1. Relative to the Cα centre, what is the charge dipole magnitude of the chain, using +1 at the beta carbon of each Lys and Arg, -1 at the beta carbon of each Asp and Glu, and rounding to the nearest 20 debye?
2. Can you work out D for the chain in µm² s⁻¹ from Stokes-Einstein, where Rh is the Kirkwood radius over C-alpha pairs, the temperature is 25 °C and the viscosity is 0.890 mPa s?
3. Please compare each pair in 131/157; 21/196; 21/228; 65/131; 29/135; 21/131 to a cut-off of 21 Å on the Cα-Cα distance and tell me which ones are over it.
4. Determine the sum of side-chain charges near residue 213: Lys and Arg each +1, Asp and Glu each -1, restricted to other residues whose C-beta is under 12 angstrom from that of residue 213.
5. Once every DSSP H run of n ≥ 4 in the chain is given -39500 (n - 2.57) and the sum is divided by its residues, what mean residue ellipticity at 222 nm do you get, rounded to the nearest 500 deg cm²/dmol?
6. Can you quote the Å³ per residue value for the convex hull of the Cα atoms in the range 64-209, rounded to an integer?
Amino acid sequence: MANSLQSGKFAAVLPAGGLGKRMGGTIPKQLMTLGGKPVYQYCLETFLNMDEIAEVVIAVPVDWKDYFEKDIFDRISPLLGSGYSNNLSKLSIVVGGVERWQSVQNGVNALTSDAEYVLVHDVARPFISEKIIRKVCETLVNKGSCLVAKPAIDTIKIASDGRVESTIDRRKVWLAQTPQAARIDLLKSLYARIKKVPLDFTPTDEASILEFFGENVYIVEGDSTNDKLTTPEDFEIFASRASK
Ligand code: C5P
């Protein structure tokens, strides 16, 4: 393992606190079954399995906390075998917030290890690879805060009231994914600033908070395998990927 990826330096916060309204259905999308297991279990296993990740916090909807606890410690734990039980000891479950960024804030505030950096990853992106996670860790240590993003392939228009106003140079357009990552002390200091002077926008990712406060954020190039499961149509496509 390269020195920059020493185990113990990195923590992960997994926001799973949404109710998945765009998916419809009676349970949050992260609990729906995809290829034989719940959506959230995919990335949870990936992060728990990596020695580089010292600690994992998952933020879940308040009304589903008991369900998640039971599912993880009663159902997943025995399935994973003895090696994994050790990994489960690095996991904690917290209640999420009204907005995604508040779920992440709850997760970051709950971290207890000596990790310096945190990677935030949406559980609705089940197919994140260890390779990309390692690239994020390297970029964090060598350059600074970063996010995984994929290049735009379509031509991007700005429009209002159904009329096109302009076209953006798509070579400059990146579609944000996760993990998004930063130093833990930096994120905590920004949360403290937000507490004093609330934001006048609702951040949909960590990068927009970092950008707002003038921090540099670097891109780690990702691809479509890490897309977010959002609609019932996505579910069919993701189910076929899960079975491969
Ligand atoms: O709603 P969206 O798909 O953008 O959510 C991205 C991720 O953020 C999902 O994993 C979802 O569970 C999580 N989330 C959260 N807390 C919220 C809203 C969304 O942790 N209040």
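1. Working: 29 positive and 31 negative charges, 38 e Å.
Using only the charged Cβ atoms, the result is roughly 180 debye.
2. Details: Rh = 18.7 Å.
Approximately 131 µm²/s, per Stokes-Einstein.
3. Working: 131/157 33 Å; 21/196 31 Å; 21/228 14 Å; 65/131 30 Å; 29/135 28 Å; 21/131 31 Å.
Beyond 21 Å: 131/157; 21/196; 65/131; 29/135; 21/131.
4. Working: positive: 193; negative: 206, 211, 215.
Neighbourhood net charge equals -2.
5. Values: 8 runs with 83 residues, N = 244.
Calculated at 222 nm, the ellipticity per residue is -10000 deg cm²/dmol.
6. On the way: hull volume 26.1 nm³, N = 146.
Given the Cα convex hull of the range 64-209, per-residue volume reads 179 Å³.
Read-outs throughout are calculated quantities, based only on the coordinates presented, and are distinct from any laboratory measurement. Bear in mind that the values here come from a model prediction, so they are computed numbers and not experimental data. Counting neighbours? That spans all protein chains shown, and the Cβs are built from the backbone with ideal geometry, glycine included.
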